[in-house]
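The values are calculated or read from the model by the stated rules, or taken from the named source; none is laboratory data. Worth saying up front: this structure is predicted, and the values here are computed from it rather than measured. Here the Cβ positions follow ideal geometry from the backbone for every residue, glycine too, while neighbour counts run over all protein chains shown. Accessible surface is based on the protein model in full, side chains and every heavy atom, while ligands, DNA and RNA are left aside. Shrake-Rupley method; radii C 1.70, N 1.55, O 1.52, S 1.80 Å.
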Amino acid sequence: MKRPIFNSDHDDLRDSFGRYLDAEVVPHYERWERDRRIPREVLRRAGELGFLGFGVPEAFGGAGVDDFRFNAVINEEAARRGLAAFALAVTMQNDVALPYFTELCDEQQQARWLPGIVAGQWILGIAMSEPGTGSDLQGIQTSAVRDGEHYIVNGSKTFITNGLNAELIITAVRTGGNARRSDISLLVVEADMPGFTRGRNLEKLGQHAQDTAELFFDDVRVPAANLIGAEGEGFRHLTRNLAQERLSIAIGAVAAARGALERTLGYALERTAFGRPIGTFQNSRFELAKARTEVEVAQAFVDSCLLAAAEGALTAAEAAMAKYWCTESQGRVIDTCLQLHGGYGYMLEYQIARDYADARVSRIYGGTSEIMKEVIGRAMGLGEKTL
């Protein structure tokens, strides 16, 4: 279906980024999957070509374009090609972490960090999750005690995207002792700070090329100048940016489902059984028709949310609906696609097997499907204030 939310500028970006992916990412991706890591140089190359930091003001080296549709184009093209780990690395930089620097940092902080972020010299990460806390952001225990012009940070984080590659890590810390959300603040920890160490590259079901890691803080002295936003306002800052993160996940989910469906359609027209292509059997036609309809319906809703985001009007509940529905839909569509591959779908040499494994986490990170339903329900007046 035609998608009128995009204009010629978005189309030009889609074309140039797609050519970059086909030339410099796709040929190496399977090796990165085996190595369990995307080389830092690849992300720096993306910055060099102008694919990072669209919203950064021109004064700091960015394009100064506050239009989330450009971010969506990058996300979609990588996800549609089945490059889930690469898509996540880039969306962490563009969609999830960057707003903290453009919206919360003062001018001096922006001058320090934004030019390097746009150029891909600074890879970004966000350290929220801790062992044992799960979705309970208020339960974090990593502490930051003020000591003159520094904070002394102690604690640990887990499931951190870009955990091995990140050089600037936005870290949620507890700056008070009352175990309330008003005790949470955000500090930018730089990778070369003494006492900061990285743990193992976590072994995951899918997205093997994504360096998801544990982080440890042992008396790390972080300058007070690295506090972003006001002390005690970290929880509010984190929850405010969740809508964009969740929309980003929804966008990637629909694109990944579409890519898997396109590849499965090609397989169904080539693979023969009983003397004819398997796609010509009624069950195959019905399953592919159902999957195609599911992708297009999800796309229509996510496009509506994307337009709202571009206009600054996306609500937390709408973002939660997009993430919940689109990631669940992604799971259903890719499961159907794998089934249509038969026994070959279970073989790792076929991309659909990787698509299947890569997709499972989309219903978990950024807020589980259960949390999304809770957000939606509360927005309907069925409970407490929206998470």
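Things to note:
- Computed P(r) (all Cα pairs; segment 16-103; 5 Å bins; percent): 3, 13, 26, 27, 16, 9, 4, 1
- L205, L288, reordered so the largest accessible area comes first (probe 1.4 Å): L205, L288
- Nonlocal amide H pairs with A127, under 5 Å, H built at 1.01 Å: I170, T171, A172
- Using every pair of distinct Cα positions in segment 118-177, the Kirkwood expression returns a hydrodynamic radius of 12.6 angstrom.
- The mean sequence separation of alpha-carbon pairs under 8 Å and at least six residues apart, normalised by the residue count of segment 23-135, gives a relative contact order of 31 percent.
- Excluding ligands, DNA and RNA, the accessible surface per residue across segment 99-257 is 38 Å² with a 1.4 Å probe.
- Protection-proxy order for peptides 30-37, 221-228, each taking the mean of Cβ atoms within 10 Å per residue, highest first: 221-228, 30-37
- Per-q log10 I(q)/I(0), segment 194-325, q = 0.10, 0.13, 0.17 Å⁻¹ (Debye; single scatterer per alpha-carbon; no solvent): -0.59, -0.84, -1.06
- Part-to-part distance (alpha-carbon centres) for segment 5-31 and segment 323-380, which is given in Å: 24
- In the chain, the C-alpha radius of gyration followed by the widest Cα-Cα span (Dmax) gives 21.1, 78 angstrom.
- Quarter the surface of the alpha carbon convex hull of segment 269-365 and you get the mean projected area, 7.3 square nanometres.
- Under 29 Å, Cα to Cα: Lys pairs in the chain, sequence gap 8 or more or different chains: 13
- In summary, the convex hull built on the alpha carbon positions of segment 51-183 has an orientation-averaged projected area of 9.2 nm².
- Cleavage-rule hits (trypsin sites (Lys or Arg not before Pro)) in segment 79-116: DSSP loop, at most 12 neighbouring Cβ within 10 angstrom: none
- To the nearest ten degrees, helix 8-20 and the longest principal axis of the Cα atoms of the chain are 80 degrees apart.
- When a 1.4 Å probe is rolled over the protein heavy atoms, the share of accessible surface on segment 294-387 that falls to carbon and sulfur comes to 57 percent.
- Heavy atoms of I278 accessible to a 1.4 Å probe, total area in Å² rounded to 10: 20
- Percent of Cα pairs exceeding the 25 Å cut-off, where the set is segment 116-249: 21
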